[in-house]
Every structure is written in C-alpha cells, then in structure tokens.
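Have a look at the structure below, then the notes.
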Amino acid sequence: ISELSSPDAFTFREGELQSLDLSGVRWSLTVEDPEQLLAAILRLAQNPSEWPNRWNQALKDVWTEIALAECKEYFRYAAEARGLPEAGEKSTETMLKSLLESFSVAQCYRIIWAGARQASDFLVRKRCNTRHAANYMIGECQRWADRAKAENWEVKPFKRNFDLPRSAISHVFFDVFLKIGEDGFNCVPGMLARHRATVSMDHAGSAQD
C-alpha cells in the first residue's frame, strides 16, 4: 500500500487497522513496468478465453483455499469471543474442508456460530477446561453439518462479519476475474455454473472436474 493513500481509505479501532477501502487506497508495485503488468492482468481478467488450461483446472482449488481461510478466521473469532483457546489446527482444517464440500462460507459461518454456542454451553454444563470445550466445538460443528445434510435442513447463511473485513485477494479473484462478487461468499466453492459469472460454461465444467 502506497504512502500516498488517503487516510479516509482506512478504518481503525483502538489503534488497529480494521478495514480498508479497496477502491480508495493506492498501491506501489515493485516491478520495472507497472503499467504493462496491469494492462496484461486486466486483459486476462476481461477475457477468460485467454486463460491457460491450468487456470481453469485450478479455479475450484483457489476458491476453496480462499473460503477455507475465511472459515478459519471466523472459527478463531467465534472461539475467542467465548474465551476458548485455539483448537487443534489440523482437526479444525479437516472439519472446515468437509463443511466446504457442501456449504458456502456464509453457511459455514452459521454452522460455526452454532458450534461455538454449543461448546460454550458444554463448558458450563460439564465444568470442563476450556481446551476440552475448544475441541468439542470442532466436533459439534461437524455433527451439526452432518445432521443438516441428513435431514435436509435449510441452512440460513450469515452475512460478513464487520470485524472480519473481506480480503483484497477475495476481491480480485471473485470480482475482477470471476465477476461473481459476493457469490464467492454465498455459494459452495467451485459451483460456477450456478453463478452470475461471465466465465463460460466450458470453464465452469473444467472447474468442477
């Protein structure tokens, strides 16, 4: 981020950066010809037909990686809000990857919130230590999701959390390249054929394969 950016583009709370206006900040690029690089990126963003095949094949993986990062962030946020320590990283990631096979990030937020609430209740009922409750939260999220699928529940999505602003990577991937905006947050990763994308159906099929 360039030092020439307007202070109005940033939102601070208690001295910590909370969010930034992607359209308001200025960027410094450490390349020989920034204008040429930007022109090349813009051309590719506007013309999916020029994308290398490996890009099409990697769409779902990139989408899932961004979704997983957002879910991890919200999982930590929900746990910390209830005074729970960080749970096992590997177990948490395995559970969240399982959820993202069937649910959007917005729906995962709902599931994580329910799991955190149950873990908090479990902590009070059982009078266990917070580490035990943190691990219980992982299992409760998975059980909630499994029951939702088995009983065909309508999992109502959450909106983005104000304390967890959207990343620049998410903006570039979903808005600039895929042109589906918040569908990247509200839909199951990789299901391009269901979105308002300008990516062709051929690309959608490649992504799902």
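The values are calculated or read from the model by the stated rules, or taken from the named source; none is laboratory data. Computed from a predicted model, the values in this text were never measured in an experiment. In this analysis, Cβ positions are derived from the backbone assuming ideal geometry, glycine residues included, and neighbour counts consider all displayed protein chains. Heavy atoms of the whole protein, side chains included, go into the accessibility calculation; ligands, DNA and RNA do not. Shrake-Rupley method; radii C 1.70, N 1.55, O 1.52, S 1.80 Å.
Name the chymotrypsin sites (Phe, Trp or Tyr not before Pro) in segment 118-168 that are in a loop by DSSP and that have at most 15 other C-beta atoms within 10 Å, would you?
Answer by residue number: TRP153, PHE162.
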- [ ] Hey, can you grab everything whose amide H is under 5 Å from the amide H of GLN18? Only 5+ residues off in sequence or another chain; H modelled, so Pro and N-termini drop out.
- [x] THR11, PHE12, ARG13
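With +1 assigned to the C-beta of every Lys and Arg and -1 to the C-beta of every Asp and Glu, and no other charges, what is the dipole magnitude of the chain about the Cα centre in debye, to the nearest 20? All intermediate terms of the calculation are to be shown ahead of the outcome.
On the way: 26 positive and 29 negative charges, 233 e Å.
Charge dipole, the chain, about its Cα centre: 1120 debye, nearest 20.
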Open item on the list: What distance in nm separates the two pseudo spin-label positions at LYS179 and VAL25, each 7 Å out from Cα along the beta-carbon direction?
Closed with: 2.6 nm
Open item on the list: Whole percent per 10 Å bin, from 0 to the bin with the longest distance: what is P(r) over all C-alpha pairs of the chain?
Closed with: 8, 28, 30, 23, 9, 2, 0
Open item on the list: Ranking request for peptides 81-91, 176-186, 111-121, 34-44: highest mean number of other beta-carbon atoms within 10 Å first, then the rest in descending order.
Closed with: 111-121, 176-186, 81-91, 34-44
- [ ] With r as the distance between the Cβ atoms of THR130 and LEU44 and R0 = 41 Å, compute the FRET efficiency 1/(1 + (r/R0)^6) and round to 0.05.
- [x] 0.30
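With a sphere of radius 12 Å drawn around the Cβ of LEU100, what net charge do the other residues whose Cβ falls strictly inside it have (Lys, Arg +1; Asp, Glu -1)? Don't skip to the end; give the middle numbers.
Values: positive: LYS60, LYS72, LYS97; negative: ASP61, GLU65, GLU70, GLU93, GLU101.
Charge balance in the 12 Å sphere: -2.
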Task: Solvent-accessible area, 1.4 Å probe, carbon plus sulfur percent, for segment 1-112 - done: 47 percent
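Probe of 1.4 angstrom, ligands and nucleic acids ignored: what's the accessible area per residue over segment 1-73, in square angstrom? Don't skip to the end; give the middle numbers.
Working: 5330 Å² over 73 residues.
Roughly 73 Å² per residue, with all protein chains present.
Run the numbers for MET191 and ASP146: contour at 0.36 nm per residue of separation, minus the present Cα-Cα distance, in nm. Could the numbers behind the result be given before it?
On the way: separation 45, 0.36 × 45 = 16.20 nm, distance 2.03 nm.
Contour length minus Cα-Cα distance gives 14.2 nm.
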TODO: Project the alpha carbons of segment 66-111 onto their principal axes and report the range along each, largest first, in whole Å.
DONE: 29, 20, 16
